[in-house]
Amino acid sequence: MIRKVVLPLVFLAGTALAAFLALRAGLPGILKALGQVGWTGFALMTVVQVLSLVLCAGAWRVVSEAASLPAYAAARWVRDGASNLLGFIPAFGEVISARALTLLGGGGGQAAAASTVVDVAVETMTEALFAMIGVALLLGRLDPAQAKAWLGITVVGAVPLLALYVLSRHPGALAAGERALAAIARLLGFSHAFASGGLTPAIQALNGRSNRILVASVLHLAAWFGSALQIWLAARGLSHPVSLTDSVVIASLVCAARSAFFLVPMAAGVQEGAFLVVGKLVGVDASTAIALSLALRARDVVIGAPGMLFWYLTEGRRIWSPGVHA
């Protein structure tokens, strides 16, 4: 019921909200701002996003080192594409990226799934840290009432992220998560690759690699700062460019808002609303804020769609080619 009815309805409501916010901000102003971003700005932010993806792939590889960096980068490409474009099923992107890593030589399904769980936990922990950095940079320009409100918003956004990291180290929570992953894998038709029973010990073994977890955290945090760099690059051609500090504020607090409403597929409407609210705090007008959000969504399509095609071809090769198994 949730997958077939509730999540699509939430997505439609979010899309309607995004459309309403765009209309309210003024379509002519949005189109003008998008024109100011230009193809050069869009190309630069796309390149930085690809570099951030490679950083995330490197962090994932540091956790387990079961395959080459290109294999992890391809699997991460699949994860981001699925999460950004087909995020109607919770953890959908994570499960098929683990599957892709298996097909690309990243060990058995259990090993790939275990490394994915640990990598996601580390990434969410650094996302919470990034949100806290953003609100810290913002507090100096807010009055006490606004500062209190934004601290509360950041806490609401950071709590589920930190909770996920803590739960990834709790045996009982890991067992429940293992059952959930197996259920999602069954929906996708490859439950044999995620047979229950050995995932929890594998995750605990990876969690014991403290030095590797620290290196992965640094790489993920660098990738989060890459998202701020993209906003700065996109805004360079605007009549009122955004400073690097303000870009960090916008990127981090938009991430916090997306995390607080993580059940909304693809953050439809949530991202646009967050850009409007945070943009206003740092002096970005409504049409420009919506234009920046739309530029990020266009970037996700440009990078994510080929990732999905790569995934379909990879799975198709296994299904249709004689003698190819996974």
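Tabulated data
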{"quantity": "Charge tally in the Cβ shell below 14 Å around residue 282, where Lys, Arg are +1 and Asp, Glu are -1, residue 282 excluded", "calculated": "0"}
{"quantity": "Tensor-based shape of the stretch 119-163 (alpha-carbon gyration tensor, a/c under 1.5 rounded, otherwise prolate or oblate)", "calculated": "oblate"}
{"quantity": "Under Karplus coefficients 6.51, -1.76 and 1.60, residue-wise ³J(HN,Hα) of the stretch 65-71 in Hz, glycine/proline x", "calculated": "6, 8, 8, 6, 4, x, 5"}
{"quantity": "Cα pair distances of the stretch 96-141 binned at 5 Å [whole percent]", "calculated": "5, 21, 18, 12, 11, 9, 9, 7, 5, 3, 0"}
{"quantity": "Highest average packing first - 115-127, 273-285, 66-78, Cβ atoms within 10 Å", "calculated": "115-127, 66-78, 273-285"}
{"quantity": "Within-15-Å neighbourhood charge of residue 226 [Cβ basis; K, R +1; D, E -1]", "calculated": "-2"}
{"quantity": "Linear extension gain, residue 149 paired with residue 43, 0.36 nm per residue minus alpha-carbon span", "calculated": "34.6 nm"}
{"quantity": "Sorted peptide list for 37-44, 286-293, 96-103, criterion being average Cβ within 10 angstrom, highest first", "calculated": "96-103, 286-293, 37-44"}
{"quantity": "Debye-sum result for the stretch 223-304 in log10 I(q)/I(0), which assumes one identical scatterer on each alpha carbon, at q = 0.13, 0.16, 0.22, 0.25 Å⁻¹", "calculated": "-0.35, -0.53, -1.05, -1.36"}
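Each value in this text was obtained by applying a stated rule to the coordinates, not by laboratory testing. Keep in mind it's a predicted model, so treat the numbers as computed, not measured. When we count neighbours, we look across all protein chains shown, and the Cβ atoms used for this are built from the backbone with ideal geometry, even at glycine.
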